[in-house]
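Trainee: The structure that follows is given in the form of structure tokens.
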Amino acid sequence: MNKPDRLPATSIFPMGEKIAGDGIANNHFTGTAWLRMLVPDDSTFHCPVGNVTFEPGARNNWHKHPGGQILLVTGGRGYSRDEGKKVRVLHEGDVVKVAPGVKHWHGAAPDSWFSHIAIMPDSEKGDAEWLEPVTDEEYRAIPKK
């Protein structure tokens with residue numbers, strides 16, 4: 001699949017660099033995703049911000065952020081799930097707040113590109129803890145709404 005410069009017809013931010021898929025080693029994603037850092041982590045703000053774009057069906061592994069995470073959905077349709085809760089279907093304009101230390105994952109619906117701004121507050125508390133992949137069985141069991 002050729003990489004478009006932007007999410008089809010919706011994203012205002014460039015997609016950035018490929019971070020998974022097509023034989024590129026990355027143990028934190030299933031499928032192909034791209035990342036463009038908009039605000040790098042630093043010792044003043046402690047709040048990196050990145051634009052993440054997922055091809056249809058792509059998703060990240062279960063993971064936790066010591067400082068929590070905020071997602072601002074900018075395009076497409078995707079999913080987010082906190083451990084022990086139901087999957088949330090996401091659309092452009094949705095906001096997801098994940099509390100510090102909560103195990104969760106997010107990614108695209110099987111038939112849609114998906115893009116969000118990922119905000120990692122309090123990054124001085126530590127890096128994301130990457131865990132096991134979301135299995136194909138878990139992912140296929142999501143109701144297609």
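Trainee: Run down Val49, Val87 and say which single residue is surrounded by fewer than 20 Cβ atoms within 10 Å (Cβ to Cβ), β-branched (Val, Ile, Thr) and in contact with a Phe, Trp or Tyr (Cβ under 6 Å, 6 or more places away or on another chain).
Mentor: Only one candidate passes the filter, namely Val87.
Trainee: If I filter the range 101-119 down to residues being aromatic (Phe, Trp, Tyr) and under 19 Å from Asp136 (Cβ atoms), which single residue comes out as surrounded by the fewest Cβ atoms within 10 Å (Cβ to Cβ)?
Mentor: Looking at residues that are aromatic (Phe, Trp, Tyr) and under 19 Å from Asp136 (Cβ atoms), I get Trp105.
Trainee: State whether one or more residues within the range 73-91 are polar (S, T, N, Q), closer than 20 Å to Ala33 by Cα and in a loop (DSSP other than H, G, I, E, B).
Mentor: No, that holds for no residue.
Trainee: Considering only the range 58-78, state which residues are out of contact with any strand residue (DSSP E or B) (no Cβ under 6 Å at 6 or more places or on another chain) and under 14 Å from Trp105 (Cβ atoms).
Mentor: His65
Trainee: Is it the case that some residue within the range 36-57 is closer than 24 Å to Lys18 by Cβ, among the basic types (Lys, Arg), modelled with pLDDT of 95 or more and not in a loop (DSSP other than H, G, I, E, B)?
Mentor: Within the range 36-57 (the criterion being closer than 24 Å to Lys18 by Cβ, among the basic types (Lys, Arg), modelled with pLDDT of 95 or more and not in a loop (DSSP other than H, G, I, E, B)), the answer is no, since none of the residues qualifies.
Trainee: Moving on. Hey, Ser80 hits all of (1) buried (at least 20 other Cβ atoms within 10 Å of the Cβ); (2) touching a residue at least 60 places away in the same chain (Cβ under 8 Å); (3) over 15 Å from Gly31 (Cα atoms) but one; which does it fall short on?
Mentor: (2)
The values are calculated or read from the model by the stated rules, or taken from the named source; none is laboratory data. None of the values given here were measured: they were computed from a predicted structure. Here Cβ is always computed from backbone atoms with ideal geometry, including for glycine, and neighbour counts include all displayed protein chains.
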